[in-house]
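Contents: one structure, followed by commentary.
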Amino acid sequence: MKVAILCGGQGTRLREETEFRPKPLVEVGGRPVLWHIMKLYAHHGFKDFVLCLGYKGSMIKEYFLNYEAMNNDFTISLGLNSSIAYADKHTEQDFQVTLADTGADTMTGGRVKRIERYIDDETFMVTYGDGVSDVDIGKLLNFHCSHKRLATVTTFRPVSRFGILDIRENQVKNFIEKPKSDAWASAGYFVFNRGVFDYLDGDECVLEHGPLERLASEGQLMSYHHDGFFYAMDTFREFQILNDLWKFDRAPWKVWD
């Protein structure tokens, strides 16, 4: 089953890093955030990826073209009979990665539409290239298959950016440090049937607006509630938080060995 990852946005809110590289290549613990996302899917047995490239997509192509050399010791023989012998085996031996140029300015829905030719199964998965989670992909897929609708979105309860005060007659009775919301928000980590392609129309199509709204209105969009960890790297502060979690061995999304 294919896993499509949206890697084409400009990441303008993280300009400190994305001025020089696409956001999926911004590193957490010395590895691109894209690598972390792929490792989660691979841990659950899904290792066939389609990367929807756009802004600075050539850098992502270079990253994978150089992957073997940059992740192994190797011996190189120069000259007419040049060859390379790798000394070790990294843990991504059986990954298959299709790198698809989906346009510099294409919107999210348009990027998914452009990779239709690479999707050869009835069901496929889609997520963003900047959000890490410990979601159980196997359970997510089972949930999707059980309800027989066209689409599933993974949802989570976001944590408030601010502490909440319980105030009565101007007196603070209680202080709650950044509580979780009662509402559910999208974490991405979608599962789609091929019929979703019929809802995507052109490069200006924004997945989160027209297509998902229409699917919802037709009763074709279901929510998989995830009570665990999810964090999107949208700003430099969030970049720092994810790196601190990794540095101090407190990264909830690291479910692989």
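What follows draws every value from the coordinates through simple rules; no lab data is involved. Model, not experiment: these values are computed from the prediction. In this analysis, Cβ positions are derived from the backbone assuming ideal geometry, glycine residues included, and neighbour counts consider all displayed protein chains.
The stretch between Trp184 and Asp121 holds 19.7 nm of extra length on full extension. This uses 0.36 nm per residue minus the Cα-Cα distance.
Decide, for the chain, between rounded, prolate and oblate: order the square roots of the alpha carbon gyration tensor eigenvalues as a ≥ b ≥ c, take rounded if a/c falls under 1.5, and otherwise choose prolate if a/b is larger than b/c, else oblate.
Values: a/c = 1.87, a/b = 1.32, b/c = 1.41.
Cα axes put the chain in the oblate bin.
When peptides 75-84, 223-232, 42-51 are sorted by average Cβ neighbour count within 10 Å, with the highest value leading, the order is 42-51, 223-232, 75-84. From its DSSP helices (H runs of at least four residues, each -39,500 (n - 2.57)), the chain gives a residue-normalised ellipticity at 222 nm of -7000 deg cm²/dmol.
With the contact rule set at Cα under 8 Å and sequence spacing of 6 or more, what percent relative contact order holds for the chain?
Values: 460 pairs, mean separation 63.6, N = 257.
Rounded, it is 25 percent for the chain.
Each of Tyr67 and Thr235 was given a label point 7 Å from its Cα along the Cα-to-Cβ line. The distance between the two points is 3.3 nm. When the pairs Lys23/Lys89; Lys2/Lys113; Lys39/Lys113; Lys2/Lys39; Lys61/Lys254; Lys139/Lys254 are compared against a 22 Å limit on Cα-Cα distance, Lys23/Lys89; Lys39/Lys113; Lys61/Lys254 fall above it. Straight-distance candidates among the aspartates and glutamates for linking to Lys148, with alpha-carbon spacing under 13 Å and chain neighbours fewer than 8 residues away dropped: Glu122.
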